[in-house]
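First comes the structure, then the notes that go with it.
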Amino acid sequence: MITIFQSIGYKIIKVGIIDPIKTQVEIRLSNKRGYDIALNHINRVDGKTLIRLNDTKGLEILKTQLIDLKVFKENEIIILYSSRKNKKSKEYKQLAHERIFDDKVKLVLTTSIIDEGLSINQTDFTDVVFIETNYNPRPEPIKQFFARFRNEDKNRKNYLYL
């Protein structure tokens, strides 16, 4: 096999990482609905938060309730999910091109769209939360989600709710 590649001018190289940095994640178990887990977590947070929950309807209800309860103002919450409207929004374009969210945003609610290769290079998030509602979760989306942040931040804490 190697000789075939060499005969057409290709080289095979081995790529590896020396001493990879491990992402610390606090795992929490709950039998509540994803919406309730998110609401409960938000009520205990003081800083900027990113929550991934694959439930667009639940995210919309959560946003409405947080605004009604005066926990956040409407311009402090953004919801990102795969839709034409969302992908044309100012917030999504800013994330895709500049790798940051606007400073006024205090809560980002997202679905799996965030796992699709978007990078975040921002240091003011205190809580990054992945809420998995599947009883047999696949490890890839979880790993991809927490890898979205491309910078180290000692004040950021990662949470995985199962």
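The values are calculated or read from the model by the stated rules, or taken from the named source; none is laboratory data. This structure is a prediction, so every number in the text was calculated from the model and none was measured. With ideal geometry, Cβ positions are generated from the backbone for all residues, glycine too; neighbour counts draw on all protein chains shown. To get the accessible areas, we keep the full protein, side chains included, count just its heavy atoms, and leave off ligands, DNA and RNA. Shrake-Rupley method; radii C 1.70, N 1.55, O 1.52, S 1.80 Å.
Listing for the model above:
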item: Residue that is most open to solvent (accessible area, probe 1.4 Å) [pool: residues in region 153-162 that are modelled with pLDDT of 85 or more and outside any strand (DSSP E or B)]; result: LYS154
item: Pick from region 112-124, criterion of a type outside the set (Gly, Ala, Ser) and open to solvent by 10 Å² or more (accessible area, probe 1.4 Å), ranking: modelled with the lowest pLDDT; result: GLU116
item: Residue pairs meeting the criteria (Cβ under 7 Å; at least 6 apart or on separate chains; first in contact (Cβ under 8 Å) with a residue 40 or more places away in the chain, in region 136-151; second among the polar types (S, T, N, Q)); result: PHE146/THR23; PHE146/ASN158; ARG150/SER119; ARG150/ASN121
item: Residues located in region 13-39, provided they are within 23 Å of PHE149 (Cβ to Cβ) and out of contact with any helix residue (DSSP H, G or I) (no Cβ under 9 Å at 6 or more places or on another chain); result: VAL15, GLY16, ILE17, ILE18, ASP19, PRO20, ILE21, LYS22, GLN24, GLU26, ILE27, ILE37
